[in-house]
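Student: Please read through the structure below; I'll follow up with questions.
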Amino acid sequence: MGCLHNDSHSDSGFLMAASALALPFQPLVVSAVHTGTMEVAFAKRAKDPDLKTAHNGRKMSTLLGGALFLADDLFPETPFIHAGWHLAAAIGVGTCNKLLQ
């Protein structure tokens, strides 16, 4: 009889393998799952005011980035939408430094 336990390392390995397999077919779903996972992890740790401010900035950049990501597909000829998505993503990534401190 095997031992069942929750090993976060194997869970993350499974997520990475599943992501790699799904990415060519469902890139939006893979991005949404990874973004959602990061948002949940950030929200769990954002108890102190310093992290709460960073988390609020991350939430806003995630929502804006998601809207721009979809708008880029819907309106591919509109200039600067893709660049706006990159800027929103950069703001979101920039907030991760607070989470790692």
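Student: Within the set of other residues whose C-beta is less than 14 Å from the C-beta of Met38, count the net charge using Lys and Arg as +1 and Asp and Glu as -1.
Tutor: +4
Student: Go ahead and set up a Gaussian network model of the chain, Cα springs under 10 Å, then flag whichever of Ser61, Ser31, Ser12 fluctuates most.
Tutor: With Cα springs under 10 Å in the chain, the top fluctuation among Ser61, Ser31, Ser12 is at Ser12.
Student: So for the pair Thr78, Leu100, with labels modelled 7 Å out along Cα→Cβ, what separation do we get in nm?
Tutor: Here the answer is 3.3 nm between the modelled labels.
Student: Then there's this: At a Förster distance of 30 Å, what's the computed FRET efficiency of Gln26 paired with Leu87, Cβ-Cβ distance as r, to 0.05?
Tutor: Using R0 = 30 Å, I get an efficiency of 0.75.
Student: Using Cβ contacts closer than 10 Å as the measure, can you line up Glu77, Glu39 from fewest to most?
Tutor: Glu77, Glu39
Student: Identify which of the listed values of percent of Cα pairs over 20 Å apart was calculated from the structure shown: [x] 51; [y] 55; [z] 33.
Tutor: So the structure-derived entry is [x].
Student: Provide the per-residue ³J(HN,Hα) series for region 78-92, in order, calculated from phi with Karplus coefficients 6.51, -1.76, 1.60 and θ = phi - 60°, each as a whole number of Hz, with x at glycine and proline positions.
Tutor: 6, x, 6, 5, 5, 5, x, 4, 5, 5, 4, 5, 5, 5, x
Student: Below 8 Å, C-alpha to C-alpha, sequence gap of six or more: please give me the relative contact order for region 27-100 in percent.
Tutor: About 35 percent, as a whole number.
Student: While we're looking at this one, here's another question. Tell me the net charge near Ala54. Cut-off is 13 Å between Cβ atoms, Ala54 excluded, with +1 for each Lys or Arg and -1 for each Asp or Glu.
Tutor: Charge balance in the 13 Å sphere: +3.
None of the figures in this text is laboratory data; all of them are computed from the coordinates on show. Bear in mind the structure is a predicted one, so any value in this text is a computation, not a measurement. Cβ coordinates were reconstructed from backbone atoms using ideal geometry, including for glycine residues, and neighbour counts include every protein chain displayed.
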